[in-house]
Structure formats: structure tokens, C-alpha cells
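Engineer: Just passing along the structure, written as C-alpha cells.
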Amino acid sequence: MAEQHGFKNEKVGEVVSTKMEKTIVVEVSRRVPHPLYKRIIGKRKKFYAHDAEGKAKLGDVVRIVECRPLSKLKRWQLAEVVRRAAQVGAQPVELDVKV
């Protein structure tokens with residue numbers, strides 16, 4: 001049996017936290033059948049990923065790939081931002097103030 005080299009494990013999920021420097025928290029959701037009842041249930045897990053440039057923002061859908069351990073919890077690296085999150089009214093409201 002031939003061994004495959006160069007294929008890294010990858011996951012797609014949503015960024016739920018960007019509060020750390022160069023680190024994002026990605027929540028990956030999957031739907032699996034319950035082992036006994038066979039009903040489809042949703043499971044989710046959080047992964048800490050390295051984001052050196054700070055490209056990912058809160059709510060973005062990103063692809064992460066497995067890498068060597070970078071810290072106690074970080075074993076993933078940001079590969080690409082698949083879809084940007086919708087920006088919610090970032091425009092400041094102009095006040096009607098008479099001088």
C-alpha cells in the first residue's frame with residue numbers, strides 16, 4: 001500500500017474570536033447521525049489557528065490546515081478566507097448640531 005505525502009488535514013469553519021494576537025478561534029460544525037437513534041444531530045468544535053497577518057475577522061468563513069504544534073493549543077494555520085462576514089452599519093451617524 002502506497003503512503004500519501006503532502007496532503008494535510010483541512011477544515012472549514014466560522015471565526016468566533018479574534019481577541020488574541022496572531023490567533024483566531026474557528027468553530028467547525030458538522031452534521032452526523034446519532035449512533036443509536038440515527039437522527040441527524042449537529043456537532044461543533046473550536047480550533048485555535050495561527051493568523052500571522054490578521055486577515056480573518058469575526059464572522060468570516062475560513063479554511064484552516066493542520067500544521068506542527070505552535071503552542072499548547074494551536075495546531076492549525078489559516079489557509080484562506082472563503083467568505084467575508086457582512087459588515088453591519090459601520091458608518092457614524094451625522095448629528096444635526098447647530099453651531
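Engineer: When a footprinting reagent is the concern and you count Cβ atoms within 10 Å, what order do Glu21, Glu66 take, fewest first? Spell out each step's value before the answer.
Structural biologist: Numbers: Glu21 8, Glu66 13.
Ranked by crowding around the Cβ, least crowded first: Glu21, Glu66.
Engineer: Below 11 angstrom from the Cβ of Trp76, what's the summed charge of the other residues (Lys, Arg +1; Asp, Glu -1)?
Structural biologist: Summing Lys and Arg as +1 and Asp and Glu as -1 gives +4.
Engineer: Now for a different question. Looking at the square roots a ≥ b ≥ c of the eigenvalues of the Cα gyration tensor of the range 1-81, which shape do they give, rounded for a/c under 1.5, prolate if a/b is larger than b/c, or oblate? Each step should come with its number before you reach the end.
Structural biologist: Numbers: a/c = 2.25, a/b = 1.26, b/c = 1.79.
Note, shape of the range 1-81 comes out oblate.
Engineer: Still on this structure, please answer the following. Among the lysines, select those whose C-alpha is under 17 Å from the C-alpha of Lys43, and discard any that sit fewer than 8 residues away in the same chain.
Structural biologist: Cross-link targets: Lys11.
Computed from the coordinates by the stated procedures, all read-outs in this text should not be read as laboratory data. All values reported here derive from a predicted model rather than from experimental measurement. So basically every Cβ, Gly included, is an ideal-geometry build from the backbone, and we count neighbours across all protein chains shown.
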